[in-house]
Each structure stands twice: as structure tokens, then as C-alpha cells.
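Remarks on the structure that follows.
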Amino acid sequence: MATSLAHQSGNITGVTIEAGYEIWGKRLSILKEAIENLKQLRVLSKEFLWKGPMGRAAIQAAESLGLSLSPAFLKADVSAESYAPIFADIKSSGADGLLVDDSLENITHRRIITDLAAQHRLPAMYPLRDFVADGGLLAYTVDFSEAFRIAAGQIASIFAGAKPVDIPFVQPTRYQLIANVKAAQAIGLTLPSSLLLRADEVIE
């Protein structure tokens, strides 16, 4: 859509909500802080994403944190019924943590995912606040309210006569950590006070 964020070639601008692959390392470090003896994680992901830059970034971050990380692949034709056997496999593999990617299928079936994570007592890190609002444990995500404010400013500039090609794309600079204390208690986990104090939102 653009040759670069600062100098796009077409008549288009906006705010990207892509935070960069480094965000996966941040999510892993937060999950490790939340779970004292975290060692073996699975990643609920589509195969093509895992084999791309996202997967490589997550593996590199896991290695630096001393964590074992392996995928739990979603099938090509994902349905609501697809998740139960995947979670059974994740649990039987001995995993003690879960990282969920932002595939459209995962977002669509987020309530099923959070319910299964609770059922199998799997502490999980999610890519969006909505997962935590629906009963998930933790999320680290772009601050969408900031992105919307920036986009509104860009629209106002265009209405005032600016050309989209002259307005740089903007990347997110603010992020949110959301924690669900009730979800933690349901799986027998006590979240560290240091993490809760840093959280932008704590759901009781």
C-alpha cells in the first residue's frame, strides 16, 4: 500500500496497527513474569504465520528468555469445533503456557479459546483486549484509542485541504497491558503485584 511510512507513493495515508514483530517478545516476557516456573509454551497459530517473520521473532524471543516454544496449528478450514482437539493436544504435550496469535479465526472464536484455556488451566497471553474481556488472562496490545485519535486528526487535515500523499503513515507508540484477576483465580494463579501495578486495565 505504500513504499514507506514517511513517503508513500500513492494518494493514501493512515495509521497502521501493526506494532512490529518485537511485540511477540514483549508478550512472552510478560507471560513469563506472570508465571513463575513457565518453561514450555505452545502458540495457537496458522501455519503460514508461524513459518513467517512472526514465528521467527517469537522463537528468537523465547530462546532469549529460556523458554521452549512450539506451534499448535489451526487447520485451513477452522470452525468452532476445531479448537477442542487442539487444546487437548496442547495440554497432553505438557505445555504450561499459551500464546495466541491474531489470526482472524482466533479473533472470531475468542470466547471458545478463552473457555478452553480456562478448562485446561492454561495461562494464556492474547493479542487483543477483547479476549481478556471475554475471560482471558492477559493481553498486550496496541492502544487502539490512540490510533483512532491520530486517524481522526489525519481526516481533519484532509478536510482542511491537505493531500493524503503529504501526510505520513503513523505507527503506534502506545500499548496496553490488560490483566484479568478473576481469570487468574479460576486457574489457581496469583498474578504478581508488580505486573498488576503496571497494567493499564485490571479486570476484577
When segment 145-172 is examined, which residues are found to be under 27 Å from E204 (Cα atoms) and surrounded by fewer than 16 Cβ atoms within 10 Å (Cβ to Cβ)? S145, F148
For Q119, state whether it is touching a helix residue (DSSP H, G or I) at 6+ places or on another chain (Cβ under 9 Å), among the polar types (S, T, N, Q) and in contact (Cβ under 8 Å) with a residue 12 or more places away in the chain. yes
Given the structure, is A34 within 14 Å of the chain's Cα centre (by Cα) and closer than 21 Å to Y175 by Cβ? no
Of the listed residues (I178, I187), the one being touching a residue at least 60 places away in the same chain (Cβ under 8 Å), surrounded by 13 or more Cβ atoms within 10 Å (Cβ to Cβ) and in contact with a Lys or Arg (Cβ under 6 Å, 6 or more places away or on another chain) is I187
Scan segment 103-114 for residues that are closer than 14 Å to V132 by Cβ and surrounded by 16 or more Cβ atoms within 10 Å (Cβ to Cβ) and report the count. 5
Only one residue in A57, A2, A19 is buried (at least 16 other Cβ atoms within 10 Å of the Cβ) and at pLDDT 90 or above, so which one is that? A57
Using the structure shown, decide if G135 is out of contact with any Ser or Thr (no Cβ under 6 Å at 6 or more places or on another chain), at positive phi and either modelled with pLDDT of 95 or more or exposed (fewer than 14 other Cβ atoms within 10 Å of the Cβ) (or both). no
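The values are calculated or read from the model by the stated rules, or taken from the named source; none is laboratory data. If you're wondering where the values come from, they're calculated on a predicted model, not measured in any experiment. Don't worry about glycine lacking a Cβ; one is built from the backbone with ideal geometry, like all the others, and counts go over all protein chains shown.
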